[in-house]
Amino acid sequence: MFIGHPVAILIWNDFERFRQAKAKLKFNDKAIRYGDIAPFYEGDPYGSFRYVRVGGATSADEDEFASLKDSILFPMLRNRRPVWNPNRTCMAT
């Protein structure tokens, strides 16, 4: 979800000038002009992937399949939601 950006970043060289500016801006409704309310940003989901490892016969054997070696598994996106197909199987050959 996207909420927004900071209005401004103000930098002072000394604390006294900072304190004076803060006192002037603290309860001043005219210091910031607000525009129309923007709708929430809705992007597609991100970070939907799975790491899978199918080991060999023993812990010393080569992996049959490993996401970091062969491929990362990504879901399909339907109605902006990740959908993992439970009927699909994937094995390295």
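Derivation of every value follows stated rules applied to the coordinates shown; laboratory data play no part. Quick caveat, the model's predicted, so the values are computed rather than measured. In this analysis, Cβ positions are derived from the backbone assuming ideal geometry, glycine residues included, and neighbour counts consider all displayed protein chains.
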Inset, instruction - Please compute the net charge surrounding Asp63, taking Lys and Arg as +1 and Asp and Glu as -1 over other residues with Cβ under 15 Å from its Cβ. - result: -2
Legend entry - Peptides 26-37, 49-60 ordered by average Cβ neighbours within 10 Å, highest first: 49-60, 26-37
